[in-house]
Every structure is written in structure tokens, then in C-alpha cells.
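Written below as C-alpha cells is the structure these notes are about.
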Amino acid sequence: MTEQSEAGRRPLNTDRVLRAAVALADTTGIDSLSMRRLAQELGVVPMALYKHVANKEELLDGMADVVVGEIDPPDPDVDWKSAVRQRILSARQALLRHPWASRVIESRARPTPATLAYLDSMIGMFRAGGLSVDLTHHVMHALGSRVLGFSQELFDDGAPGPDPGTQAAALREMSRRYPHIAEVASRADHDGRSVVGPGCDDQFEFEFALDLLLDGFDRLRRQGWSSAGTQRSH
């Protein structure tokens, strides 16, 4: 079912509603997104939106699916590890284009259809690469949110920083009380433009961790690893 908007008489359908919501969130941020504001953007009355999305939560589900739908499909011409790496980095690029999306994906009560399809495809890539069901199960746990292109950092330093004098004093105090943290923090190179949200999670750190994980998975695959052969503590 389609309808005509009041502005420009363009047809309104679910896809147009979702893409307009994604564009609005990109411009103004996810916190300012509302059904009323989206209706204004589309030139319709708010009630017109409810013919396409039942409520705000369904709108957010659909927006998450739009972003996940931007992830590149698997490359059939490379080995499994390269294919997985390329696809996860494509997911990361999708989230860099839409910095609000990781919050929305994490907030869903259950994975959306596009997210489930993506995860199913990723599992299929590991299985096609020779990883057992057992190893693949643990691989997905180890990757966690990285499989969707983002990760939660141990320290969130994304808040606005203090003035240089206050910052220097704070660093001296940290050096006195927590010398090892201070040593690492003062050495780290941060690029505030290449993060999914604020913090230290820049592109280099993400790829560094991803490559470590993929190399480890490949080593376990070649060893024929099984969780049944490991010692577990209870």
C-alpha cells in the first residue's frame, strides 16, 4: 500500500520511511528522532507513518536492518579468513557512516531479520572454511559485537576533555597512583575521526584485534580443536 505525501506528492512506503529515518538520525542524532519529526521531514501527518511502522521500536528495528543491509556480501574468490575479514570491515564501514547504529543494534530486544540473516551467513562462512560446529560456536562468542563491526572499549574516553592545565595535573596524579595505566594512555595514538562512537576504538585497534582473533581461529581449525578436550572449571 502506498500513499501520497503532502509535500511533492511522492509515494510513501515502508522503505522510504525507513531510509528517511536513517538520514534524519545521521543528520540530527538518534536521540532527537521522533515519529513527529520524521513525519515533518516526509511532509505527512504523524498518523500516516503508523501505516508503515507500528511504533518507534518497529521503526528502530527497520533502521537497523537498513544499515545491516549496507554490508557487502561475501567475496567468493578469496579464502575464508580473508572473506570474513573483508565482511566484518565492511560492517564497520556501515557503522562509521551511521554512528548511532551500534547503539540501536545493541538495544534491540531480539536480533532483527537482517541481523539474523547476516549472522547466519557469517556462521556459514566459518563452516565453509572448515571450522567445526563446536569451534564456530566459540568463535561467534569470541567475536561478539565485532562480527557487526564494533566493540565496547574497556575505557571510554569520549567525554569532552578538560582544559590542558587540568588535564596535565590529572595525568600527573594518574602517573603517581596508576603508573601502568598512565604509561599506556600517554603512548596511545587516538584518532577521534575514525571511531564508532567516542573512545579509543579506532580503525587500527579494531583491525589489530580482529586479525589476532582470526589467526587464532585458523590455528585452532588446523589443530582440530574441540571444546570437549579442554579443562573447564565450575
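Checking A159 against (1) open to solvent by less than 70 Å² (accessible area, probe 1.4 Å); (2) of a type in the set (A, V, I, L, M); (3) at pLDDT below 65, which test does it fail?
Here A159 meets the rest and fails (1).
With respect to A142, is the statement that it is touching a helix residue (DSSP H, G or I) at 6+ places or on another chain (Cβ under 7 Å), open to solvent by 30 Å² or more (accessible area, probe 1.4 Å), small (G, A, S) and part of a helix (DSSP H, G or I) true?
Values: touching a helix residue (DSSP H, G or I) at 6+ places or on another chain (Cβ under 7 Å): yes; open to solvent by 30 Å² or more (accessible area, probe 1.4 Å): yes; small (G, A, S): yes; part of a helix (DSSP H, G or I): yes.
Against the criterion (touching a helix residue (DSSP H, G or I) at 6+ places or on another chain (Cβ under 7 Å), open to solvent by 30 Å² or more (accessible area, probe 1.4 Å), small (G, A, S) and part of a helix (DSSP H, G or I)), A142 qualifies.
Under 6 Å between Cβ atoms, at least 6 apart or on separate chains: pull out the pairs that start in the range 61-85 with a residue that is over 17 Å from T115 (Cα atoms) and end on any residue that is open to solvent by 60 Å² or more (accessible area, probe 1.4 Å).
Pairs that qualify, where the first residue is over 17 Å from T115 (Cα atoms) and the partner is open to solvent by 60 Å² or more (accessible area, probe 1.4 Å), are D75/Q86.
If you check A54, A48, A39, which single one turns out to be under 16 Å from T14 (Cα atoms), among the hydrophobic types (A, V, I, L, M, F, W, C) and assigned to a loop (DSSP other than H, G, I, E, B)?
Result: A54 is the single residue among A54, A48, A39 that is under 16 Å from T14 (Cα atoms), among the hydrophobic types (A, V, I, L, M, F, W, C) and assigned to a loop (DSSP other than H, G, I, E, B).
Among the residues of the range 69-77, are any open to solvent by 70 Å² or more (accessible area, probe 1.4 Å), of a type in the set (A, V, I, L, M) and more than 30 Å from G229 (Cβ to Cβ)?
No, because not a single residue in the range 69-77 is open to solvent by 70 Å² or more (accessible area, probe 1.4 Å), of a type in the set (A, V, I, L, M) and more than 30 Å from G229 (Cβ to Cβ).
Considering (1) open to solvent by 10 Å² or more (accessible area, probe 1.4 Å); (2) at pLDDT 95 or above; (3) of a type in the set (G, A, S), say which one A109 fails and leave the rest.
(2)
If we scan the range 28-43, do we find a residue that is over 30 Å from D211 (Cα atoms) and of a type in the set (D, E)? Lay out the reasoning, then the answer.
Step one: list which residues in the range 28-43 are over 30 Å from D211 (Cα atoms), which gives 28-43.
With of a type in the set (D, E) added as a condition, the list becomes 31, 41.
Yes: the range 28-43 contains one or more residues that are over 30 Å from D211 (Cα atoms) and of a type in the set (D, E).
Using the structure shown, decide if R92 is more than 27 Å from L119 (Cα to Cα) and either open to solvent by less than 30 Å² (accessible area, probe 1.4 Å) or not acidic (D, E) (or both).
no
Kindly provide the set of residues from the range 87-106 that are assigned to a helix (DSSP H, G or I) and closer than 24 Å to N55 by Cα, ordered by number. Spell out how you get there, then give the answer.
Initially, the range 87-106 is screened for residues assigned to a helix (DSSP H, G or I), giving 87-97, 101-106.
Within the range 87-106, L95, A101, S102, R103, V104, I105, E106 meet the criteria.
Report, by residue number, each residue of the range 88-130 that is among the β-branched types (V, I, T) and either closer than 15 Å to E57 by Cβ or in contact (Cβ under 8 Å) with a residue 24 or more places away in the chain (or both).
Correct list: I88, V104, I105, T112, T115.
Being at pLDDT 95 or above, touching a Pro at 6+ places or on another chain (Cβ under 9 Å) and either surrounded by 13 or more Cβ atoms within 10 Å (Cβ to Cβ) or not β-branched (V, I, T) (or both) is the requirement here; does L135 meet it?
So L135 does not fit the description; no.
Among the residues of the range 114-123, is there at least one that is closer than 25 Å to W225 by Cβ, open to solvent by 50 Å² or more (accessible area, probe 1.4 Å) and either of a type in the set (V, I, T) or part of a helix (DSSP H, G or I) (or both)?
Yes, because at least one residue in the range 114-123 is closer than 25 Å to W225 by Cβ, open to solvent by 50 Å² or more (accessible area, probe 1.4 Å) and either of a type in the set (V, I, T) or part of a helix (DSSP H, G or I) (or both).
Which one of the conditions (1) touching an Asp or Glu at 6+ places or on another chain (Cβ under 9 Å); (2) of a type in the set (A, V, I, L, M, F, W, C); (3) outside any loop (DSSP other than H, G, I, E, B) does A109 fail to meet, given that it meets all the rest?
(3)
The values are calculated or read from the model by the stated rules, or taken from the named source; none is laboratory data. Keep in mind that what you see is a predicted model, and the values were worked out from it rather than measured. Heads up, the Cβs are rebuilt from the backbone with ideal geometry, glycines too, and the neighbour counts pull from every protein chain shown. Just so you know, the surface numbers come from the protein's heavy atoms only, side chains and all, with ligands and any DNA or RNA stripped out. Shrake-Rupley method; radii C 1.70, N 1.55, O 1.52, S 1.80 Å.
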